[in-house]
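The values are calculated or read from the model by the stated rules, or taken from the named source; none is laboratory data. What you see is a predicted model; the values in this text were computed from it and never measured. Counting neighbours? That spans all protein chains shown, and the Cβs are built from the backbone with ideal geometry, glycine included. Accessible surface is based on the protein model in full, side chains and every heavy atom, while ligands, DNA and RNA are left aside. Shrake-Rupley method; radii C 1.70, N 1.55, O 1.52, S 1.80 Å.
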Amino acid sequence: MAGLVKSLRGRLSLPVFRAVSLKPTKAPLISRLAAINISQGSHIALTSSPLCSRMSQVTVPGTQLLSRWCHNESKEAEKEIYNGILSTQIKLVKSFSLMTSFIGIAFQPILYTYSSANAAVVLGAGAFLSFFTFATPLLIHSVSKKYVTKLYYNQVEDKYTAVVYNIFIRPKKIEFKVNDVEVPDIPGMFTTFKANSVPLFVEGSQFNDITHYGKIMGYDKPIDLMWDKDLDMTKSAAEAMRKKM
């Protein structure tokens, strides 16, 4: 009988039943902590304890270094790429011109008061001195207002910031992008290029990175030979011929 049972067990594959654990699964730790109800008095006592205040001041190691590094990166987004060699000289000349103009304006009433000459002579001399008092600073400013003292490049926004002096020697910023630059075919006096229709003067040798100078001047663009292919002549001659026709 025992041999018959063994042979039947070998031939038939009976299903195997495993014991199933009826123990309840453990809830996550966060869910169990969230279910705890703390009274208001215990909450105030816990949060106002010295231990809790000291734990709130604990910082993760490396966070201060990371924040300082990110702050430095944001500062370096705009870097100086150009420094005008005549910036100091222009500032000194304009300062001297303004100072002499203010002194001349301040002393004119005194000269008129103590002058015993003819009134016409006094007025003529005053007009002559007033002309040079006001004309000299304006003449110097008309030339120096184009001179770029510093040029910055913003890597994030891909734009340039040119710094020039106004008539009262205060820095004035002019922001522009490469698309806003216009290089005249015939450069004017003390004009290298125009940014947003504002003439500016820079020296290529004073750039820290000469590639920025080439980028602003458009040297990386295809060469325009200014040749009219239809009439097989220069563009200026072709425009003159079309006007005659």
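At-a-glance table
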quantity	calculated
Protein accessible area in the stretch 78-220, 1.4 Å probe - carbon and sulfur %	64 percent
Heavy-atom surface of the stretch 164-225, accessible at 1.4 Å and reported per residue (Å²)	69 Å²
Gyration tensor verdict on the stretch 123-245 (Cα atoms; rounded if a/c is under 1.5, prolate if a/b is larger than b/c, oblate otherwise)	oblate
Shape of the stretch 126-192, Cα gyration tensor, a/c cut at 1.5	oblate
Theoretical FRET efficiency, 1/(1+(r/R0)^6), r = Cβ-Cβ of Asn154 and Ser130, R0 30 Å, to 0.05	0.10
